[in-house]
1. If you line up the long axis of helix 343-359 against the longest principal axis of the chain, both from Cα atoms, how many degrees apart are they, to the nearest 10?
2. Report the gain in length on full extension from residue 193 to residue 257: 0.36 nm times residue separation, minus Cα-Cα distance, nm rounded to one decimal.
3. Suppose R0 equals 51 Å. What FRET efficiency, 1/(1 + (r/R0)^6) with r the Cβ-Cβ distance, do residue 400 and residue 347 give to the nearest 0.05?
4. What is the percent carbon and sulfur in the accessible area of the chain, measuring with a 1.4 Å probe over the protein chains and ignoring ligands?
5. Distance from a point 7 Å along Cα→Cβ of residue 376 to each backbone N in the stretch 140-182: keep the residues under 17 Å and list them by number.
6. Please compute the contact order of the chain in relative form: average sequence separation of alpha-carbon pairs under 8 Å and at least six residues apart, divided by the residue count, as a percent.
7. So if I restrict to the alpha-carbon atoms in the stretch 1-155, what is the Rg, and what is Dmax, the biggest pairwise distance, in Å?
8. Which value, in debye to the nearest 20, gives the size of the charge dipole of the chain about its Cα centre, when Lys and Arg are +1 and Asp and Glu are -1 at the Cβ?
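The values are calculated or read from the model by the stated rules, or taken from the named source; none is laboratory data. This one's a predicted model, so the numbers in the text were calculated from it and none came from an experiment. Quick reminder, even Gly has a Cβ in these numbers, built from the backbone with ideal geometry, and neighbours come from all protein chains shown. With ligands, DNA and RNA removed, areas are computed over all heavy atoms of the protein, side chains included. Shrake-Rupley method; radii C 1.70, N 1.55, O 1.52, S 1.80 Å.
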Amino acid sequence: MKKGRGRDRRRASTVLAPSDLVGARPKARSKLSVGGRVLACPAPERLVLADALATLSVRLTHAFEGAAGDLIEVSGSWQQRELIGARVTARAPAPTPRGDGEFARLAWQGVGPHLVERALALRAVRGFFEARAFLEVTTPVRVPTPGLDANVNALRSGRDWLITSPEHHMKRLLVGGLPRVFQLTPCFRADESGAWHEPEFAMLEWYRAFSDHEQIMHDTELLVFEVTRSLTGGTSLEHAGRRIDVTPPFRRVSVAAAFRQYADGADALALAETDETRYFELLVDRVEPGLARSKKPVFLTDYPRSQAALARPSPKNPRTAQRFELYVGGVELSNGFSELTDAREQRRRFQAERQHRRAARQPVYALDERFLGALTEGMPRSGGNALGLDRLIMLVCGARTIAEVMAFPDARR
């Protein structure tokens, strides 16, 4: 007898989930095994089986001896979108789902379907950048010193810090000779909470060497369009009762023009230099609500130089910098620059930010000497952008908060 002959070659049958059968077309009377949670028992021989994404009607050959909440496996024949002639092959008793439980959150509060949409969005993002010859990279999330960004505070991790952005490491990769890089990474920021904020969130960042903010804005509008179309099949999204057309090109308005239009003619550049508190009050209370009324996404451009510590100065106006932010339905979605490449100027700006933080009694972080040292090697002119991935998915899904599109937001840790 040849080796192996006579072995038991039977394969374990695949146990499907109710959501596996949505849109599927198994042959009539084909035998299937399905596992899920008992959602309801409309009759002794009838069950509604569920997972986080779908339900399935099951007709048993016998009365069900369990209860709603039980986790079971059934085997039966597929006919007209239900399982008939089924028998229970395994059962694990479990309590009836609670309104505040994990099953209720995913199945009844819509988090499960949003997680499916999130996975589709991640696939679309990766496809977008791979089609443009970007290299996906992974950089550290624990660092000796975080970035020195205005009004952004970091969280401790032992002797180190959790990143508020992967920017410094990604720019070091440009110095090292990588021409185009992107990254999807968790980021962490202290004192951030609200509908559009979480202390831990997903960031998409990308950088192009030998490029500038104009190319990055073009990338951004194409990316938002592609993700929207991938998830919805259309070219618009709805937020706060407004429908927003995301077909490129997006609107562009300078910070100075936006303040003149929405803040009673206030001089944004002068305020940013002399009264930063008032500048931010008008930006948040007047300008951003004004931008929210736009039926198209809006790039807010030409930021005051004092509000762009990592951006290249504008050749058109030395009081401004080549920085932009994208607003969609009033939601700040991304923050991008033509990157500052001058090591001396970058050090000077970091020192100024440290003095500002000290005066404001905010945490003062050490300088990132490895980043500054990399700049002295020579960094090509570049453009980059940081986009809040949770916010993009929230907008495209029509959710109200980013917590709705996260598996475990801060409140559910």
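1. Helix 343-359 sits roughly 80 degrees off the main axis of the chain.
2. Working: separation 64, 0.36 × 64 = 23.04 nm, distance 3.01 nm.
Extending this stretch completely gives an extra 20.0 nm.
3. On the way: r = 42 Å, r/R0 = 0.83.
Calculated value: 0.75.
4. On the way: 10090 of 20670 Å².
That share works out to 49 percent.
5. 172, 175-176
6. Details: 797 pairs, mean separation 57.4, N = 413.
Once divided by the residue count of the chain, the mean separation gives 14 percent.
7. Expressed in Å, the Cα Rg and Dmax of the stretch 1-155 come to 22.9, 77.
8. Values: 61 positive and 49 negative charges, 386 e Å.
Charge dipole of the chain: 1860 debye, to the nearest 20.
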